[in-house]
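Below is one structure, written out as structure tokens; comments come after it.
We did not get these values from a lab; they are worked out from the coordinates using the rules stated. What you are looking at is a predicted structure, and each value in this text was computed from that prediction instead of being measured. With ideal geometry, Cβ positions are generated from the backbone for all residues, glycine too; neighbour counts draw on all protein chains shown.
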Amino acid sequence: MSVPARVSVVTLGVADVVRATEFYEALGWKPSSASVPGLVTFFDTAGGRLALYGSTDLTADAGVLPRAGNDFRGVAVAINVDRAEEVDEALRAAVQAGATLAKAGVETEWGGYLGYFTDPDGHLWEVCYNPGFPNDANGVPQLP
């Protein structure tokens, strides 16, 4: 058997599920009815599902040691948008919802435009316009 090439759910370990849920709701995201208040929150997204789960519970579930501090995890989750202007709009909305701006929108050497924010738990999010990977009708980037 091979491993299917898909990302079904991205689970973010968070310090406080309620607080993290409130942040993503402030972005305009709607929790799934499958969520269990205070324990786990699921959001439907164009590319799969996002889950918020307590960091302690997640490390116990995975059988790994917790990370020390809020250091960079070496991972970024991306939101691709349809126009360069939408990058700045999304970054502003995220900051208004409680995010920290990590990098303001900038033009890239490959003809795109991107910026970054971190959520209240330090998870890094990229907001990107990539003219070479246009979104389909469902908001999923189409790779050549």
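Computed from Cα atoms, the angle from the helix 84-97 axis to the main principal axis of the chain rounds to 30 degrees. The Rg/Rh ratio for segment 1-64 is 1.01, where Rg is the radius of gyration of the alpha carbons and Rh is the Kirkwood radius.
Scalar couplings 3J(HN,Hα) for segment 6-15, obtained by applying the Karplus form with A = 6.51, B = -1.76, C = 1.60 to θ = phi - 60°, are 7, 10, 8, 9, 9, 9, 9, x, 10, 6 Hz; x denotes Gly and Pro. Per-residue ellipticity at 222 nm, computed for the chain from helices alone with -39500 (n - 2.57) per DSSP H run of at least four residues, works out to -6500 deg cm²/dmol. In angstrom, the C-alpha Rg and Dmax of the chain are 15.8, 46. Our summary gives the chain a relative contact order of 21 percent, counting only alpha carbon pairs under 8 angstrom and 6 or more residues apart. A Förster radius of 22 Å combined with the Cβ-Cβ distance from residue 16 to residue 73 puts the calculated FRET efficiency at roughly 0.80.
Provide the gained length on full extension for the span residue 92 to residue 9, in nm with one decimal, where the gain is 0.36 nm per separating residue minus the Cα-Cα distance. Once the chain is fully extended between residue 92 and residue 9, it gains 27.3 nm. In the Gaussian network model of the chain, springs joining C-alpha atoms below 10 Å, which of 68, 84, 94 carries the largest mean-square fluctuation? Judging by the Gaussian network model, the answer is 68.
Under a model in which nothing but the beta-carbon of Lys, Arg (+1) and Asp, Glu (-1) is charged, the chain shows a dipole of about 300 debye around its Cα centre.
Over all projection directions, the Cα-based convex hull of segment 75-133 averages an area of 3.7 nm². Subtracting the Cα-Cα distance of residue 136 and residue 57 from their residue separation scaled by 0.36 nm leaves 24.9 nm.
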